[in-house]
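Down below is the structure, laid out as structure tokens.
The values are calculated or read from the model by the stated rules, or taken from the named source; none is laboratory data. Since we're looking at a predicted model, the values are computed, not measured. FYI the Cβ positions are ideal-geometry reconstructions off the backbone, even for glycines, and counts take in every protein chain you see.
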Amino acid sequence: MNRREINQAIAGLLMAGAMAASSHAQAQATMKVGITPAGQPASGLNPQTKAPEGFAVETMQAIAADAGLTVEFQPMPFGELQHSLLDKKIDAIAGSFGITPERQQVVDFTRPYGRYQDRLLVKASDTGAYKSVADLKGMKIAASRGSSYVKPLEDAGADLSPSASIPESIAKLEAGSVDGVVENELQLNYFLRTSGKTGFRLVEGYQPILIGHLAFAVRKGDADLLMKLDGSLAKLQADGTVAAIKKKWNLD
């Protein structure tokens, strides 16, 4: 083999290596993000198009665009989000996933992008003055599996009816199989505003179990992805992009 052939062979190897590296980088740039299918206004699937929607979804899309990532949303029940992240089926969680001390032990959170708290929903015919979770002792209460409200409800003596989604919880209340629903206030307000259903009331004066902050979650120790998400989120909060997305979804 002469010098020219050797140089051509070396060039071919370098090109093949560059193409492999580029292919690997592209594969790494696709981020699988878990969302819930019926968790609007944070995240969900549009009833008509089945496309992902919500202010957390749009915020994540804006972050990905800024960070040079491709997003692949994977809908699943709320209770499966954390397990799927830890099992490496997804790379991040978007939606009504709040920061709690328990979750901080197993996942890493970005800076907050929203606020949340629980509310109590009952039938309009129920005139009870429920002041706190302690007043729910002995009552049949629906709440989403994996939510931050499950253990406090159980500790208070409520008869818990776990649900896969907030619409399922509300369907139980409508059917009379539970006495009340304790769920995320953002989602309860969205359901009442968009469903056209009547006959419910959000209990005024009820003290929430938890007032917390929403954030995107990644696996513990995934520092590179966390840095990318955090950096782009900070930028989009500063330039008003996140505020504009929230306004679109009728959120402060």
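Looking for whichever is touching a Phe, Trp or Tyr at 6+ places or on another chain (Cβ under 6 Å) and modelled with pLDDT of 95 or more here; the options are V203, V133. Which one fits? So the residue among V203, V133 that is touching a Phe, Trp or Tyr at 6+ places or on another chain (Cβ under 6 Å) and modelled with pLDDT of 95 or more is V203. The conditions of being more than 23 Å from A143 (Cα to Cα) and in a strand (DSSP E or B) are met by D108. The set of residues in the stretch 45-82 that are closer than 23 Å to P112 by Cβ and either of a type in the set (S, T, Y) or without any contact (Cβ under 8 Å) to a residue 24 or more places away in the chain (or both) comprises P52, E53, T59, Q61, A65.
Which count do you get for residues in the stretch 28-72 that are out of contact with any strand residue (DSSP E or B) (no Cβ under 8 Å at 6 or more places or on another chain) and in a loop (DSSP other than H, G, I, E, B)? Number of matching residues: 6. In this structure, S147 qualifies as surrounded by 21 or more Cβ atoms within 10 Å (Cβ to Cβ), within 17 Å of F97 (Cα to Cα) and in contact with a helix residue (DSSP H, G or I) (Cβ under 9 Å, 6 or more places away or on another chain). Looking only at residues of the stretch 135-166 that are assigned to a helix (DSSP H, G or I) and more than 15 Å from K123 (Cα to Cα), we find that the one that is farthest from the chain's Cα centre (by Cα) is D135.
Q187 meets all of the listed conditions (1) over 21 Å from T36 (Cα atoms); (2) surrounded by 14 or more Cβ atoms within 10 Å (Cβ to Cβ) but one, namely (1).
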